[in-house]
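Data block below; observations after.
Please treat every number below as a calculation from the coordinates, not as lab data. All figures in this text were calculated on a predicted structure; none of them were measured in a lab. Reconstructed Cβ throughout: ideal geometry from the backbone, glycine too, with neighbour counts over all protein chains shown.
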């Protein structure tokens, strides 16, 4: 999963660079479309995969302010 995330990140970074190049040098509207699809891919494909990978095996209960966690914080 880590390798997939790195490859996808590099692809998105390359697509963003390509979109910037096209926007400034070749065709403004095509560059805007490439940048837009890159942002959509980052938001709807990369971000959920990244969050799933980093939250796998962790409990949300450990990171919320419940009564038990507040008592532990007060004791310290």
Reported label for calculated semi-axes √(5λ) of the Cα gyration tensor in Å given (1) 41, 14, 9; (2) 21, 13, 11; (3) 18, 15, 10:
(1)
Could you work out how far apart the two model spin labels at residue 1 and residue 72 are, taking each label as a point 7 Å from the Cα in the direction of the beta carbon, and quote it in nm?
2.2 nm
What is the helix-to-structure angle for 2-21, meaning the angle in degrees between its Cα long axis and the longest Cα principal axis of the chain, kept from 0 to 90 and rounded to the nearest 10?
40 degrees
Taking Cα atoms, how many degrees apart are the long axis of helix 28-41 and the longest axis of the chain, rounded to 10 and kept between 0 and 90?
20 degrees
Summing -39500 (n - 2.57) over the DSSP H runs of n ≥ 4 in the chain and dividing by its residue number, what mean residue ellipticity at 222 nm do you reach, to the nearest 500 deg cm²/dmol?
-21500 deg cm²/dmol
Between the stretch 14-29 and the stretch 36-65, what is the C-alpha centre distance in whole Å?
28 Å
